[in-house]
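A.B. asks: Before anything else, here's the structure in question.
Taken together, the values in this text are just the output of simple stated rules run on the coordinates, not laboratory data. From a predicted model like this one, the values you see are computed outputs, not experimental measurements. Cβ placement follows ideal geometry from the backbone for every residue including glycine, while neighbour counts extend to all protein chains displayed.
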Amino acid sequence: MSRLAELVRDRQPCVVLTGAGVSTESGVPDFRSPTGLWAQFDPLEYGSIDAFRRDPEKVWRFYAPRFAMLTEAEPNDAHLALARLERAGLVRAVVTQNIDLLHSRAGSREVVEVHGSIRTSTCPWCRRSYELAHVLGLLEEAPAPACSECEAILKPDVVFFGELLPAGAIERAFALAREAQLLLVVGSALEVHPVAGLPLETLDAGGAVAIVNLGPTALDSRAELRVEASAGETLRAVADELDA
Ligand SMILES: [Zn+2]
């Protein structure tokens, strides 16, 4: 962990890429793990854009309790440490695959959500956008939230299977990865593309990659440093060591 702290201090700017492993300590299940949500529920039935177009109410019956669970989850030591490091000028931005808003709630300001988030939901007809609190209110009244203008069922602004990633966020993520002297990967096995290509972008531009993850990742052999430990414990130790 002191080696990781050294890397963060010496190789600036540092950009952080986070995956589901950062939020598991907050009780948020890893949707894609072998025991995760998409192992229990067929993503083609509940998580794909085709399923949503076919039967949005069914998809919302699946999502509604998860929205509630995500809003009750609290940021953990990993989220808090990354916010501290950003305030200390040691982290330029956090690129995250997570939709749970926990980085922002922990105080991180530069957060790039490449898989969208639960922050807003949008009407597929009139494109009106609704904040999370409003959507949660609607979910107390009805199994699926509807647009107050045209009554269409809202779609959460999370990326569904079969949907493109938000172009602006992805472009920003790749630009950050190219600028990074250190790309710190936390809690991601780097299996989901195109996000998994971000560390390659950093390496190609002459930067280094460090990985904190429980379990192997696709890029272990090219990492400057690999820490097999929990995200919260590791990042808190790094922030402490750097007096962040
Ligand atoms: Zn509408």
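A.B. asks: Please give me the summed charge of the neighbours of residue 197: other residues whose Cβ is under 15 Å from its Cβ, Lys and Arg +1, Asp and Glu -1. Don't skip to the end; give the middle numbers.
C.D. replies: Values: positive: 172, 178, 222; negative: 171, 191, 201, 204.
Residues near residue 197 contribute -1 overall.
A.B. asks: Using θ = phi - 60° and the Karplus curve 6.51 cos²θ - 1.76 cosθ + 1.60, what whole-Hz ³J(HN,Hα) does each residue of the range 49-56 get, with Gly and Pro shown as x?
C.D. replies: 5, 5, 4, 5, 5, 6, 8, x
A.B. asks: Which parts of the range 175-204 would a label at residue 222 reach, counting a residue when its backbone N lies under 13 Å from a point 7 Å out along Cα-to-Cβ?
C.D. replies: Counting backbone N atoms under 13 Å from the label point, the list is 178, 183, 190-191, 195-204.
A.B. asks: Something else: Quick one: which residues, 5+ away or cross-chain, put their amide H under 5 Å from the amide H of residue 208? H built at 1.01 Å from N.
C.D. replies: 182, 183
A.B. asks: Mind giving me the nanometre distance, one decimal, between the label points for residue 141 and residue 109, set 7 Å out from Cα along Cα→Cβ?
C.D. replies: 3.7
A.B. asks: How big, in percent, is the set of alpha carbon pairs in the range 190-244 lying more than 13 Å apart? List each step's numbers first, then the result.
C.D. replies: On the way: 948 of 1485 pairs.
Result: 64 percent of Cα pairs exceed 13 Å.
A.B. asks: Given R₀ = 30 Å, what would the calculated FRET efficiency be for residue 71 paired with residue 171, taking r from the Cβ atoms and rounding to 0.05?
C.D. replies: Values: r = 29 Å, r/R0 = 0.96.
Here the calculated transfer efficiency is 0.55.
A.B. asks: What number comes out for the charge environment of residue 132, summing +1 per Lys or Arg and -1 per Asp or Glu over other residues with Cβ under 15 Å away?
C.D. replies: Net of charged neighbours comes to -1.
A.B. asks: Report the equivalent ellipsoid semi-axes for the range 102-244 in whole Å, largest first, defined as the square roots of five times the eigenvalues of the gyration tensor built from alpha carbon atoms.
C.D. replies: Semi-axes from the Cα gyration tensor: 35, 18, 13 Å.
A.B. asks: Please list 131-137, 10-16 highest first by mean number of surrounding beta-carbon atoms within 10 Å per residue.
C.D. replies: In decreasing order of mean packing, 131-137, 10-16 become 10-16, 131-137.
A.B. asks: Further, regarding this structure: Which FRET efficiency value, to the nearest 0.05, do you get for residue 6 and residue 192 by plugging their Cβ-Cβ distance into 1/(1 + (r/R0)^6) with R0 = 35 Å?
C.D. replies: Once rounded, the FRET efficiency stands at 0.75.
A.B. asks: Between residue 53 and residue 233, what is 0.36 nm times their sequence separation minus the Cα-Cα distance? Round to one decimal in nm.
C.D. replies: Fully extending the segment from residue 53 to residue 233 adds 60.6 nm.
A.B. asks: Sort the following peptides by mean Cβ neighbour count (other Cβ atoms within 10 Å, averaged over residues), highest first: 74-83, 120-129.
C.D. replies: Those peptides, ordered most packed to least, come out 74-83, 120-129.
A.B. asks: Give me the Kirkwood hydrodynamic radius of the chain in Å, from all C-alpha pairs, to one decimal place?
C.D. replies: Evaluated on the chain, it is 18.5 Å.
A.B. asks: Can you tell me the order of 92-105, 58-71, 205-218 when each peptide is scored by its average per-residue count of other Cβ atoms within 10 angstrom, highest first?
C.D. replies: Taking the mean over residues of other Cβ atoms within 10 Å, the ranking is 92-105, 205-218, 58-71.
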